[in-house]
Structures are given as C-alpha cells and as structure tokens.
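Right, one structure below, let's go through it.
The values are calculated or read from the model by the stated rules, or taken from the named source; none is laboratory data. As the structure is a prediction and not an experimental result, all values here were calculated from the model. Every residue, glycine among them, receives a Cβ derived from its backbone with ideal geometry; neighbour counts consider all protein chains shown. These area figures cover heavy atoms from the full protein model, side chains too; ligands, DNA and RNA do not enter into them. Shrake-Rupley method; radii C 1.70, N 1.55, O 1.52, S 1.80 Å.
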Amino acid sequence: MSDETPICSAKGCRAAAVWVLAWNNPKVHTPERRKTWLACEEHREHLSQFLGVRGFLKDVVAFDEWRGAEGP
C-alpha cells in the first residue's frame with residue numbers, strides 16, 4: 001500500500017478502505033453536511049451499526065463510486 005491508499009477508520013485497522021460511510025450528527029451539523037468514515041470489508045458492518053444506533057448514518061457507498069462522484 002502507498003501513503004495515498006485510504007485506510008479503514010476502525011481503531012487499529014490498517015486495511016485498505018473499500019467503503020465510505022457518510023454520516024451526520026444532527027445536534028452539531030447542518031442537515032446537508034456529510035462527514036465520512038472509511039471502512040474495510042471486515043469493519044463495514046461494525047462501523048455502520050455504531051453510527052446507525054446513534055441515528056447518524058446517512059449512506060454507505062463503495063469507495064470507488066464515492067471518489068468518482070467527487071470528480072477528479
């Protein structure tokens with residue numbers, strides 16, 4: 001992996017990220033604001049549940065699709 005390879009946001013994980021978890025804390029952020037966590041395949045469900053239980057999770061998108069939507 002190069003220094004530019006996106007890494008999973010799970011604590012201690014160094015695996016390449018393949019998912020983007022878009023989230024928003026409505027007590028802190030405006031409704032359209034999206035923060036992101038990155039997830040490897042192994043941690044996607046755990047991180048999604050963590051955000052989902054709190055009502056923060058807005059979307060889960062494949063990293064390549066998310067990057068493509070942002071443009072060059």
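Structure data summary
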{"read-out": "Gain upon complete extension [residue 58, residue 34; 0.36 nm per residue less C-alpha separation]", "value": "7.8 nm"}
{"read-out": "Computed [θ] at 222 nm, deg cm²/dmol, the chain (DSSP H ≥ 4; -39,500 (n - 2.57); rounded to nearest 500)", "value": "-7000 deg cm²/dmol"}
{"read-out": "1.4 Å probe accessible area per residue over the stretch 1-47, in Å²", "value": "70 Å²"}
{"read-out": "The chain - percent relative contact order, Cα under 8 Å, separation 6 or more", "value": "35 percent"}
{"read-out": "Gaussian network model of the chain, Cα within-10 Å springs - most flexible of 34, 54, 14", "value": "54"}
{"read-out": "The chain: angle of helix 44-53 to the longest principal axis, Cα-based, in degrees nearest 10", "value": "10 degrees"}
{"read-out": "Selected from 30, 17, 7, residue furthest toward positive end of dipole (the chain; charges at beta carbon)", "value": "30"}
{"read-out": "Dipole magnitude (debye, nearest 20) for the chain, charges at Cβ of Lys, Arg, Asp, Glu", "value": "460 debye"}
{"read-out": "Two-site label geometry, residue 25 and residue 41: point separation in nm, points 7 Å out along Cα→Cβ", "value": "3.2 nm"}
